[in-house]
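Encoded as structure tokens, the structure appears first; notes follow it.
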Amino acid sequence: LRASKAMMEEIELDKLLAKLMRIVLENGGATRGLIMLEDKGKWLIEAEAETSNGRIEVQSTLGISPSNSNKLAESIANFLFRTNFFIVLDNATREGQFVNDPYLQTTGISSILCMPLINQGKLSGILYLENNLAKGAFTKQQAEVLNILSAEIAISINNARLYYNLNSIN
């Protein structure tokens, strides 16, 4: 409900992304997260959040290419770009098809949740979450709540982008 309310109240994209990242990290069991959005045929990291000393630090409107960032397991993001499948990994460095991803091997991150943000049947964004403190950090209940919210998140981001485009035209 809190996420829903925050999404309805905010129309500016950078503020919306910051609110979403805070809510998702607070309630999703993540220590770090990214939102990637499609822009003119390219996927860009537009928001990043990380917990540090009990506080959530958020950076939004980054515009960084995932392939040049070293901020995520690129093989997981590429898989989701192709398939739109919801991914939850409890021990990504030891099990499954992504174990050889250079980012996972370097950082040792094991708990990852990566989900599509679908708007009008089209992939419009990706929410990528990590927990570097525990294996199996993302519960089935957390994943279900985030999955339910994903459509609303996608719609809110689309509306904020439309608002931004309208303002820039005016």
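The values are calculated or read from the model by the stated rules, or taken from the named source; none is laboratory data. Computed from a prediction, not measured in an experiment: that's the story for all the values here. Backbone-built Cβ (ideal geometry, glycine too); neighbour counts: all protein chains shown. Areas reflect the complete protein model, heavy atoms only, side chains present, ligands, DNA and RNA absent. Shrake-Rupley method; radii C 1.70, N 1.55, O 1.52, S 1.80 Å.
Full extension of the chain between V99 and R55 gives 12.8 nm of extra length, using 0.36 nm per residue less the Cα-Cα distance. Of R161, R94, the order by accessible heavy-atom surface (1.4 Å probe, DNA, RNA and ligands excluded), from most exposed downward, is R94, R161. The C-alpha atoms of the chain define a longest principal axis, and helix 13-28 lies at about 40 degrees to it. Here the chain has an Rg and Dmax of 15.2, 52 Å, counting Cα atoms alone. Full extension of the chain between N91 and Y164 yields a length gain of 22.3 nm, computed as 0.36 nm times the residue separation minus the alpha carbon distance. Each of L117, N132, T106 was placed along the dipole of the range 58-170 (beta-carbon charges, centred on the mean Cα), and the one lying farthest toward the positive end is L117. If you sort K71, K40 by accessible surface, 1.4 Å probe, largest first, the order is K40, K71. Name the shape class, rounded, prolate or oblate, that the alpha-carbon gyration tensor gives for the range 131-170, where a ≥ b ≥ c are the square roots of its eigenvalues, rounded holds for a/c under 1.5, and otherwise prolate holds if a/b is larger than b/c and oblate otherwise. Oblate is the answer for the range 131-170, as a/c is 1.5 or above yet b/c matches or exceeds a/b. Neighbours of A49, meaning other residues whose beta-carbon lies under 14 angstrom from its beta-carbon, give a summed charge of -1 when Lys and Arg score +1 and Asp and Glu score -1. Against the main long axis of the alpha-carbon atoms of the chain, helix 140-169 sits at an angle near 40°. Each Lys and Arg adds +1 at its Cβ and each Asp and Glu adds -1 at its Cβ; summed about the Cα centre, the range 1-60 shows a dipole of about 160 debye.
Counting only protein heavy atoms and using a 1.4 Å probe, the accessible area of K42 comes to about 140 Å². Rolling a 1.4 Å probe across all protein chains gives M7 an accessible area of roughly 10 Å². Summing Lys and Arg as +1 and Asp and Glu as -1 over all other residues whose Cβ lies under 11 Å from the Cβ of A18 gives a net charge of -3. Between the alpha-carbon centers of the range 96-142 and the range 19-87, tell me the distance in whole angstrom. What the calculation gives is 9 Å, centre to centre.
Taking only protein heavy atoms and a 1.4 Å probe, the accessible area of the range 33-112 is 41% carbon and sulfur. Rolling a 1.4 Å probe over the protein heavy atoms leaves Y164 with an accessible area of roughly 150 Å².
Solvent exposure of the chain amounts to 54 Å² per residue of accessible area, where only protein heavy atoms count and the probe is 1.4 Å. Of E74, E10, E57, the order by accessible heavy-atom surface (1.4 Å probe, DNA, RNA and ligands excluded), from most exposed downward, is E57, E74, E10. Stokes-Einstein D for the range 1-101 at 20 °C, 1.002 mPa s, Kirkwood Rh over Cα pairs, in µm²/s? In µm²/s, the coefficient rounds to 145.
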